[in-house]
Each structure stands twice: as C-alpha cells, then as structure tokens.
Amino acid sequence: MRSEWRDGERVRSVEVTPLEPGRFRVVVDGATLELGVERRDDGRLLLSGAGGPHVAEVTSDGARRFVRLDTLEFVLSRESGTRRRGTGAAAGGLDAPMPGVVTRVMVAVGDEVAKGQPLLALEAMKMEHVIRSPRAGRIARLGARAGEMVAGGATLVELEPDASPAS
C-alpha cells in the first residue's frame with residue numbers, strides 16, 4: 001500500500017508491503033526497512049528491525065495520526081492529493097476503521113452488491129472486522145488484497161451507486 005503523509009512542512013512517501021505474517025517491508029522517502037510488528041495487549045506495537053526493538057503507539061483522528069515512537073512524538077496527516085475525490089462511505093469509498101491486515105476479500109471489481117453484503121474482512125486488534133456494503137451498488141475499485149496491511153482510514157473499496165432503473 002502506498003500513501004503520502006504530511007509531517008509538519010514535509011510530505012513523506014510511505015509504501016508498506018507484507019512479507020509474511022507480522023513482517024513488513026516499509027519504504028519511507030526511499031529508505032527501506034524490514035520490520036517485525038507485534039501488537040501488544042495494551043494496543044501498542046513492538047517494532048523490531050536492524051535498529052533494535054522500538055515501542056510505537058498510534059492514535060487515529062480522521063486523516064490524522066498521532067504517533068509516539070519510544071520518546072518521539074509525531075502528528076501526521078494524510079496528504080489529500082493521495083486520496084481520490086469523494087472518499088468516505090457516503091461518497092462511495094469504504095475506509096479501514098483502523099490499521100490492520102486484510103484477511104479476506106469477498107468481491108471483485110465489477111460485482112453488483114446488495115446493502116449489507118460482506119465485502120472484505122480486516123483483522124485488527126486481534127479481532128476480525130467485516131466491512132459491509134452501506135447500500136446497493138457495483139464495486140468500482142478494490143484498494144487492498146488479502147494479506148495486505150492497511151493503515152486506518154485507507155480506502156479499501158470504492159462503490160458506484162446501483163445503476164439499475166427504478167421500477
């Protein structure tokens with residue numbers, strides 16, 4: 001998954017690729033890291049890599065993320081240019097409620113779906129969250145695949161309105 005985040009006056013490009021369960025390749029502004037990620041019982045993350053273990057805590061507020069990494073604190077905002085026009089369920093996008101790993105994708109681009117139909121499942125905080133269609137429509141785009149780690153707020157599915165004529 002690729003995204004851009006504003007860190008003060010600087011925009012950072014971030015790409016996260018799952019390697020295996022609990023292990024990811026992270027590229028930030030061209031610098032590559034391989035990290036082990038373990039969610040602790042208190043909700044914090046234990047990150048392990050070449051630089052040793054680090055504890056991270058991420059809190060979401062809409063498009064903003066408050067990140068504490070050991071004793072450092074950051075406020076990151078999703079760069080609006082990386083989001084497609086009209087995001088959110090009302091505009092046709094279904095966003096991840098929190099960071100997690102997509103465990104199942106139950107639809108394909110072009111599929112017609114009914115209101116309430118399961119679209120995909122996301123594992124976050126040791127629980128499975130099923131993302132359901134808020135209305136009838138057609139799948140226009142899938143933003144993640146099974147096994148992929150996604151950030152909170154990432155658009156997982158874009159839904160076009162139901163185009164069938166009213167009878």
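Each value in this text was obtained by applying a stated rule to the coordinates, not by laboratory testing. Remember, predicted model here, so these are calculated numbers, not experimental data. Here Cβ is always computed from backbone atoms with ideal geometry, including for glycine, and neighbour counts include all displayed protein chains.
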Checklist line | Contact order relative to length of the chain, as percent, for alpha carbon pairs under 8 angstrom and 6 or more apart | finding: 18 percent
Next item on the list: Towards the positive end of the charge dipole of the chain, with charges on Cβ (+1 Lys, Arg; -1 Asp, Glu), say which of Leu35, Val67, Trp5 has the farthest Cα.
Entry: Trp5
Margin query: Using the Cα centre of the chain as the reference point, and only Cβ charges (+1 on K/R, -1 on D/E), how large is the resulting charge dipole? Debye, rounded to the nearest 20.
Written below: 320 debye
Check: If the viscosity is 0.890 mPa s and the temperature 25 °C, what translational diffusion coefficient in µm²/s does Stokes-Einstein give for the stretch 2-80 when Rh comes from Kirkwood over Cα pairs?
Finding: 184 µm²/s
Margin query: Ignoring solvent entirely, what values of log10 I(q)/I(0) come out of the Debye formula for the chain at 0.10 Å⁻¹ when each Cα is a single scatterer?
Written below: -0.40
Note to self: Placing unit charges on C-beta atoms (Lys and Arg positive, Asp and Glu negative, everything else neutral), compute the dipole magnitude of the stretch 2-80 about its Cα centre in debye, rounded to 20.
What the structure shows: 140 debye
Next item on the list: Determine by what factor the alpha-carbon radius of gyration of the stretch 84-161 differs from 2.2 N^0.38 Å, reporting the quotient.
Entry: 0.98
Item checked: Per-pair calculated FRET efficiency, R0 = 22 Å: Arg10 and Arg68 via Cβ, rounded to 0.05 -> 0.70
